[in-house]
Amino acid sequence: MALLRDDLESCNRLIVEKMQSDVALIPQVAAYIVAAGGKRLRPLLTIAAARMCGYRGERHAVLAACIEFIHTATLLHDDVVDESALRRGQASANALFGNKSSVLVGDFLFSRAFQVMVQDGSLEVMRILSAASATIAEGEVLQLMTQNDTTTTEAQYLAVIEGKTAALFAAATEVGAVVANQPPARQAALRDYGMALGVAFQLVDDALDYSADQEALGKTVGDDFREGKITLPVLLAFARGSDEDRTFWRRTLEDRDQSDTDLAHAQALMTRHNALSDTIERARTYGDQALAALASFPDTPERRALADVVAFCIERAR
């Protein structure tokens, strides 16, 4: 972030400018979640990728703002779907402003993102970001379909996280290559980097939901458990457990019959079966794939920054 400070500040100014509306509630809700302490990780990826590829114009900052709008819209919608009370350590927008406002402001931010794309004028950029937006929605719907279903496979789980999380990481980095007029092979390499990084990021998130300190996590620990989400830690603990363990998982996740002590028991089962540590190891594997995708690029401060992002995303699990 220090390396790209000027570009990130330009991106932030554009975010503030583009989220304005004559309808007062829209910038109020948008500003609340945009200013809530997010890492701007996805815009950072676009800016770093473009700079690594030698780009020296201003389009990357504009498109980075566009990507942050898409991300913020999905957060607003996700918190409504998940009935989340916390986002980044404070009350979620839906808890403060209500579900209807959150959904509609999310719709506004999606629409604003596409206005920004049209102003940019690149059909290739619009293709990438519109495809990512559709994939995110598909990932979220697929998650609804697998929720509370302990017969979910790892392949289905990976399809969920590739859709709902990794697709936007991949689009963010690929767009950086596109604005720098890189050849298809370079665009594909950065798309592969973003996809692998996004999967690693979500794997760590899913482990942290059972292992993190609530204040550090920025959301309620155990939300995935209470909602019956089928994540890799659950799949590993379920597969490695006894019949009694599997009966517990079916009761708590499928039937949603949970007592006050069930989360602690779920955490104990995950520890016993190394489900959390193995999830983090799986994240490291995807992190290695992300680093390998950078191998064809010259050794620059921006490339080293993108490598550092991989370490940052995984070391959150410490």
Identity of the residue in region 40-79, open to solvent by 30 Å² or more (accessible area, probe 1.4 Å) and of a type in the set (D, E, K, R), that ends up farthest from residue 227 (Cα to Cα):
56
Just wondering, is there one or more residues in region 234-255 that are of a type outside the set (S, T, N, Q), within 21 Å of residue 160 (Cα to Cα), in contact with a Leu (Cβ under 6 Å, 6 or more places away or on another chain) and touching a residue at least 40 places away in the same chain (Cβ under 8 Å)?
no
Need the failing condition index for residue 237 against (1) of a type in the set (Gly, Ala, Ser); (2) at pLDDT 95 or above; (3) open to solvent by 40 Å² or more (accessible area, probe 1.4 Å), just the number.
(3)
(1) closer than 23 Å to residue 271 by Cβ; (2) open to solvent by 10 Å² or more (accessible area, probe 1.4 Å); (3) not polar (S, T, N, Q): which one isn't true of residue 164, the others all being true?
(1)
Open to solvent by 30 Å² or more (accessible area, probe 1.4 Å) and of a type in the set (S, T, N, Q): does that describe residue 261?
yes
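Residue-wise test of (1) within 17 Å of the chain's Cα centre (by Cα); (2) farther than 30 Å from residue 174 by Cα; (3) hydroxyl-bearing (Ser, Thr, Tyr).
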site	(1), (2), (3)
207	yes, no, no
238	no, yes, no
253	no, yes, no
266	no, yes, no
273	no, yes, no
280	yes, no, no
285	no, no, yes
293	no, no, no
303	no, no, no
Assuming residue 179 fulfils every condition listed in (1) surrounded by fewer than 19 Cβ atoms within 10 Å (Cβ to Cβ); (2) of a type in the set (A, V, I, L, M); (3) within 30 Å of residue 69 (Cβ to Cβ) apart from one, which condition is it?
(1)
Regarding residue 108, is this residue touching a residue at least 24 places away in the same chain (Cβ under 8 Å), under 28 Å from residue 173 (Cα atoms) and of a type in the set (Phe, Trp, Tyr)?
yes
Answer yes or no: is there a residue in region 147-155 that is surrounded by 15 or more Cβ atoms within 10 Å (Cβ to Cβ), at pLDDT 95 or above and in a helix (DSSP H, G or I).
no
Regarding region 103-116, can at least one residue be identified that is more than 20 Å from the chain's Cα centre (by Cα), open to solvent by less than 10 Å² (accessible area, probe 1.4 Å) and over 17 Å from residue 181 (Cα atoms)?
yes
Out of region 83-92, which residues are in contact (Cβ under 8 Å) with a residue 12 or more places away in the chain, on the phi < 0 side of the Ramachandran plot and surrounded by fewer than 19 Cβ atoms within 10 Å (Cβ to Cβ)?
85, 86, 90
Condition first: open to solvent by 70 Å² or more (accessible area, probe 1.4 Å), more than 26 Å from residue 313 (Cβ to Cβ) and among the charged types (D, E, K, R). Now tell me which residues in region 14-39 satisfy that.
17, 22
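Consider region 276-301. How many of its residues are among the polar types (S, T, N, Q), open to solvent by less than 50 Å² (accessible area, probe 1.4 Å) and in a loop (DSSP other than H, G, I, E, B)?
1
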Hits in region 282-305 (condition: closer than 13 Å to residue 50 by Cα and of a type in the set (D, E, K, R)):
302, 303
So which residues in region 120-174 are free of Cβ contacts under 8 Å to residues at least 40 places away in the same chain and on the phi > 0 side of the Ramachandran plot, if there are any at all?
121
Which condition from (1) crowded, with 22+ Cβ neighbours inside 10 Å; (2) part of a loop (DSSP other than H, G, I, E, B); (3) not hydroxyl-bearing (Ser, Thr, Tyr) is the one that residue 172 breaks?
(2)
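The values are calculated or read from the model by the stated rules, or taken from the named source; none is laboratory data. Being a predicted model, the structure only gives us computed values, none of them experimental. Virtual Cβ from ideal backbone geometry, glycine too; neighbours counted across all protein chains shown. Note: areas computed on protein heavy atoms with side chains; ligands, DNA, RNA excluded. Shrake-Rupley method; radii C 1.70, N 1.55, O 1.52, S 1.80 Å.
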